[in-house]
Amino acid sequence: VVATVNGEEIFRKELDRRLGVLKRMNQEVTRAVQIEVINQLTKKELLKQFVEGQDIVVSEGEVQGELEKIKYFLRSNPNDSEKSLGEILETQGSNIGELEDEIRRTLALSKYLDQRVGDDEKSSYFEANKNAFNGEKVKARHVLIDTTKLKTDAELKQAKQKIEEIKKEIDNGADFEKTAKKYSTCPSAENGGDIGFFQRNGSLVEEFAEAAFLMEVGEISEPVKTQFGYHIIKVTDKEEGKDVKYEEVEDMVDFVYMQIKTEALLKGLYEKAEIEITL
């Protein structure tokens, strides 16, 4: 047992199966990575417990319908066109039974949220976040101090001090491009931290994108913390979005807003749950 969620146990074999996928992708499995995977498993268990506690009916026909969509999508990949779904899932550390369970939970959760979120609420979200859907783009450079392989609080503190020292150098007149080449641990460092244009939705990690889209051209951010580490961002250009109506992007708004509602639901469940990590 590597974790317990409201009395339900998560076993080492489940953790090892997921870590095995990362190892096959040549990703280093640090303590931090292990904890992150366990956190993903606890969230999955929390959602499972939640939807099972609701009176929501998901038919076998609905599950098989979604399964057929997934099969069609996977077969469109030339690398997987000759493989069975079971073979593809095995390479991802999963199987058809698990996928069906996941589809069933996702459909139940979708029905639960659909009953509680109206079009007016989604339309209001769209009006407040138009730049996430109108194609607006930002171009930026950044300096990154990577924290993904750090294991102790002392190492994380040192990384935070490092990014603050770099910010002082920039504030005192250091050239941003040269500073990125000198200090940044991102592959973009060789290009002076240039990561090109990106859109608000899904292109980059949320905290980074949120900060960048609030900035003006030429502006340099304070250190921004993401799952990858500490960033200093400089916005170098912007492309205005087009005029877009809610009806034109309704499906995208629905997808994004339901993700936000799911995260909010998970946060509430997490705060109330009894979770013990025993790794």
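The values are calculated or read from the model by the stated rules, or taken from the named source; none is laboratory data. Quantities reported herein were computed from a predicted structural model and do not represent experimental measurements. Here the Cβ is made from the backbone with ideal geometry for all residues, glycine too, and neighbour counts use every protein chain on show. Heads up: the accessible areas ignore ligands, DNA and RNA and are worked out on the full protein's heavy atoms, side chains in. Shrake-Rupley method; radii C 1.70, N 1.55, O 1.52, S 1.80 Å.
Within the range 64-93, which residues are part of a loop (DSSP other than H, G, I, E, B), touching a Lys or Arg at 6+ places or on another chain (Cβ under 8 Å) and either of a type in the set (S, T, N, Q) or modelled with pLDDT of 80 or more (or both)? Full working, then the answer.
Step one: list which residues in the range 64-93 are part of a loop (DSSP other than H, G, I, E, B), which gives 76-84, 92-93.
With touching a Lys or Arg at 6+ places or on another chain (Cβ under 8 Å) added as a condition, the list becomes 81, 93.
The answer is S81, and nothing else.
Since A154 meets every condition but one in (1) without any contact (Cβ under 8 Å) to a residue 12 or more places away in the chain; (2) not in a helix (DSSP H, G or I), which condition does it not meet?
Of (1) without any contact (Cβ under 8 Å) to a residue 12 or more places away in the chain; (2) not in a helix (DSSP H, G or I), only one is false for A154: (2).
Taking only pairs six or more apart or across chains, which ones have beta-carbon atoms under 9 Å, a first residue in the range 202-221 that is under 9 Å from V235 (Cβ atoms), and a second residue that is open to solvent by 80 Å² or more (accessible area, probe 1.4 Å) and at pLDDT 95 or above?
That search, which allows pairs on different chains as well, returns I220/D171.
Within the set of pairs 6 or more residues apart or between chains, which connect a residue that is in contact (Cβ under 8 Å) with a residue 24 or more places away in the chain and basic (K, R) inside the range 91-106 to a residue that is assigned to a helix (DSSP H, G or I) and open to solvent by 50 Å² or more (accessible area, probe 1.4 Å) with Cβ atoms less than 8 Å apart?
Pairs found: R105/K48.
Can you tell me how many residues within the range 94-106 are assigned to a helix (DSSP H, G or I) and either open to solvent by 60 Å² or more (accessible area, probe 1.4 Å) or at pLDDT 95 or above (or both)? First the steps, then the outcome.
Filtering the range 94-106 down to residues assigned to a helix (DSSP H, G or I) leaves 96-106.
Restricting the remaining residues to those that are either open to solvent by 60 Å² or more (accessible area, probe 1.4 Å) or at pLDDT 95 or above (or both) gives 96, 101-102, 104, 106.
Selection size over the range 94-106: 5.
Just a yes or no: is a residue in the range 9-26 within 21 Å of K151 (Cα to Cα), β-branched (V, I, T) and within 22 Å of the chain's Cα centre (by Cα)?
no
Quick check on the range 116-133: of everything there that is open to solvent by less than 70 Å² (accessible area, probe 1.4 Å) and among the small types (G, A, S), which residue is nearest to the chain's Cα centre (by Cα)?
Per the stated criteria, the residue is A132.
Can you list the strands (runs of 3 or more DSSP E) lying wholly within the range 174-263 that have 1 or more residues being open to solvent by 60 Å² or more (accessible area, probe 1.4 Å) and modelled with pLDDT under 90? Please lay out each step first, then the result.
On the way: elements: 194-199, 224-226, 229-239.
Answer list for the range 174-263: 194-199.
Can you tell me which residue is nearest to K238 (Cα to Cα) among those in the range 123-132 that are out of contact with any Gly (no Cβ under 8 Å at 6 or more places or on another chain) and either in a helix (DSSP H, G or I) or of a type in the set (A, V, I, L, M, F, W, C) (or both)?
To start, the set of residues in the range 123-132 that are out of contact with any Gly (no Cβ under 8 Å at 6 or more places or on another chain) comprises 123-129, 132.
Those left that are additionally either in a helix (DSSP H, G or I) or of a type in the set (A, V, I, L, M, F, W, C) (or both): 123-128, 132.
On the way: S123: 25, S124: 25, Y125: 23, F126: 21, E127: 20, A128: 19, A132: 14 Å.
Filtering first and then ranking leaves A132.
Does the range 1-38 hold any residues that are at pLDDT 90 or above, open to solvent by less than 40 Å² (accessible area, probe 1.4 Å) and of a type in the set (S, T, N, Q), and which are they?
Across the range 1-38, the qualifying residue is only T4.
Collect the residues in the range 39-53 that are under 21 Å from the mean Cα position of the chain (by Cα) and open to solvent by 50 Å² or more (accessible area, probe 1.4 Å), keeping them in residue-number order. Explain how you work it out, then say what you get.
Of all residues in the range 39-53, those under 21 Å from the mean Cα position of the chain (by Cα) come to 39-48.
Listed by number, the residues that qualify are Q40, K43, K44, K48.
Under the condition of being assigned to a loop (DSSP other than H, G, I, E, B) and surrounded by 16 or more Cβ atoms within 10 Å (Cβ to Cβ), which residue from the range 134-151 is modelled with the lowest pLDDT? Talk me through it step by step, then tell me what you get.
To start, the set of residues in the range 134-151 that are assigned to a loop (DSSP other than H, G, I, E, B) comprises 134-136, 147-151.
Those still in the list that are surrounded by 16 or more Cβ atoms within 10 Å (Cβ to Cβ) too: 134, 136, 147, 150.
Details: N134: 89, E136: 90, T147: 90, L150: 81.
That would be L150.
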